[in-house]
Amino acid sequence: MDEKSSKDPADFGPGLRKIRRRRWFLWLTILIYLPAMMVSLRSPSGFNMAVKVFIAWIVLLFITVWIVATIRCPDCGNYFHTSGPTFFPARRCLHCGLHINADKKGDDRGQKETE
């Protein structure tokens, strides 16, 4: 698991693109909360609408987190963002260290990012 894979990082492209898409969906779900609440509070039903929007958003958030947490790493096959019961949306696989952009810039496991 910790040893460097002999696979070409470009081979991970489809899997990493899927992970990146799901991560974007998670961040968009989080960012949509405030505008949705502002719009619902300005509606004629006010608080009642805000409660309904909040419940719908929480359900969407749970589903989104589950979808993101259960995506598998294209290299090691373990869950990319989950180690045991812990969900951590890091930019590297929590098991093998594959970077989310390894298909774009090459596999740099074990090296520090210079961003």
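Using a 1.4 Å probe on the protein heavy atoms only, what accessible surface does residue 86 show? Give it in Å² to the nearest 10.
80
Which value, in Å² rounded to 10, gives the accessible area of residue 98 with a 1.4 Å probe and all protein chains present?
0
I want to check the label-to-label distance for residue 20 and residue 41. Put each point 7 Å from Cα in the C-beta direction and report it in nm to one decimal.
Reported label-point gap for residue 20 and residue 41 is 3.6 nm.
Can you give the relative contact order of the stretch 12-88 as a percent, counting alpha carbon pairs under 8 Å and 6+ residues apart?
Relative contact order here is 31 percent.
Quick one: how many Å² of residue 76 are accessible to a 1.4 Å probe, rounded to 10?
40
Could you calculate the contour length gain from residue 11 to residue 49, that is, 0.36 nm times the residue separation minus the distance between their Cα atoms, to one decimal place in nm?
Result: 9.0 nm gained on full extension.
Once phi is turned into ³J(HN,Hα) by the Karplus curve 6.51 cos²θ - 1.76 cosθ + 1.60 with θ = phi - 60°, what whole-Hz value does each residue of the stretch 26-39 show in order, with x for glycine and proline?
4, 5, 5, 4, 5, 6, 6, 4, 4, x, 5, 5, 4, 5
Can you sort 27, 57 by 1.4 Å-probe accessible area, starting with the largest? List each step's numbers first, then the result.
Numbers: 27 105, 57 40 Å².
Largest accessible area first, the residues go 27, 57.
The values are calculated or read from the model by the stated rules, or taken from the named source; none is laboratory data. Given the structure is predicted, the values throughout are model-derived calculations rather than measurements. Cβ coordinates were reconstructed from backbone atoms using ideal geometry, including for glycine residues, and neighbour counts include every protein chain displayed. Just the protein is used for accessible areas: all its heavy atoms, side chains included, with ligands, DNA and RNA removed. Shrake-Rupley method; radii C 1.70, N 1.55, O 1.52, S 1.80 Å.
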